[in-house]
Amino acid sequence: MPIEIVSADITRLESCAVVNAANSSLMGGGGVDGAIHAAAGESLAEECRRIRKERYPDGLPTGEAVATGAGDMKAKYIIHTVGPIWGRCAKQCDTLLENSYLNSMKLAYELGCREIAFPAISTGIYSFPAERAARIAYGSALNFLARHPDMRVIFVFHGERNREIFEKANAL
Ligand code: AR6
């Protein structure tokens, strides 16, 4: 199946590209971002500092994506994207979340990856409603896969609740 749903700790996956639900500072934080920075180690922090300085002095804009190595993780690349903060994205929320998914897949594909693993972007600390986020995630993946049928998308869930919500959206 080109779309797979798994329950796992995303930091342990061997997928070519693993997506990080980052914030615009790229300097780490809580949630999956904190877990990825802890698992990848100091080389990731160094690379992020360099990217900030050289490419994004004002921070990575919401909906965009940038790639780094994966340090001590088994993945090849980490794709950092900043999802929208629910309550602060007005009418742009859905589009910004879709951009996060599409830009991450595009970047991974350009790097030669044919497999990408996503956490449920924005549905934790950023409070995006899970059902709505699931529909957008699934729609974005179908959109990209229609144009890139050799790609595989893995949605990784840490809790059963989000996984169930996503599986319902997936069945629509
Ligand atoms: N593996 C898979 N999924 C995980 C893991 C993990 N190890 N850890 C958490 N999740 P969040 P956001 C799930 O809050 O809402 C950070 O501080 C979690 O259950 O990590 O985009 C950043 O620096 C949830 O479903 O990301 C930003 O400031 C999903 O990942 C801010 O949080 C996303 O939750 C970003 O908030």
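The values are calculated or read from the model by the stated rules, or taken from the named source; none is laboratory data. Note that the coordinates shown come from a computational prediction; the quantities given were computed from them, not determined experimentally. We place every Cβ from the backbone using ideal geometry, glycine too, and count neighbours over all the protein chains shown. Surface areas here come from the heavy atoms of the whole protein model, side chains and all, with no ligands, DNA or RNA. Shrake-Rupley method; radii C 1.70, N 1.55, O 1.52, S 1.80 Å.
Miscellaneous remarks
- Apart from one condition, I116 fits all of (1) near the ligand (Cβ under 7 Å from one of its atoms); (2) open to solvent by less than 10 Å² (accessible area, probe 1.4 Å); (3) not in a loop (DSSP other than H, G, I, E, B); the exception is (1).
- Selection within segment 144-172 - assigned to a helix (DSSP H, G or I) and within 27 Å of I36 (Cα to Cα): F144, L145, E160, R161, N162, R163, E164, I165, F166, E167, A169, N170
- Across segment 28-41, the number of residues qualifying as in a helix (DSSP H, G or I) and closer than 12 Å to G124 by Cβ comes to 5.
- Residue match in segment 1-24 (condition: among the hydroxyl-bearing types (S, T, Y), out of contact with any Leu (no Cβ under 8 Å at 6 or more places or on another chain), within 12 Å of the ligand (Cβ to nearest atom) and farther than 21 Å from R147 by Cβ): yes
- Looking across segment 5-22, the residues that are modelled with pLDDT of 95 or more and open to solvent by 40 Å² or more (accessible area, probe 1.4 Å) come down to D9, R12, E14.
- Residue ID - nearest to the chain's Cα centre (by Cα), chosen from residues in segment 1-27 that are part of a helix (DSSP H, G or I) and not charged (D, E, K, R): I10
- Scope segment 45-62; condition touching a Ser or Thr at 6+ places or on another chain (Cβ under 6 Å) and either of a type in the set (S, T, N, Q) or assigned to a helix (DSSP H, G or I) (or both); matching residues: E47
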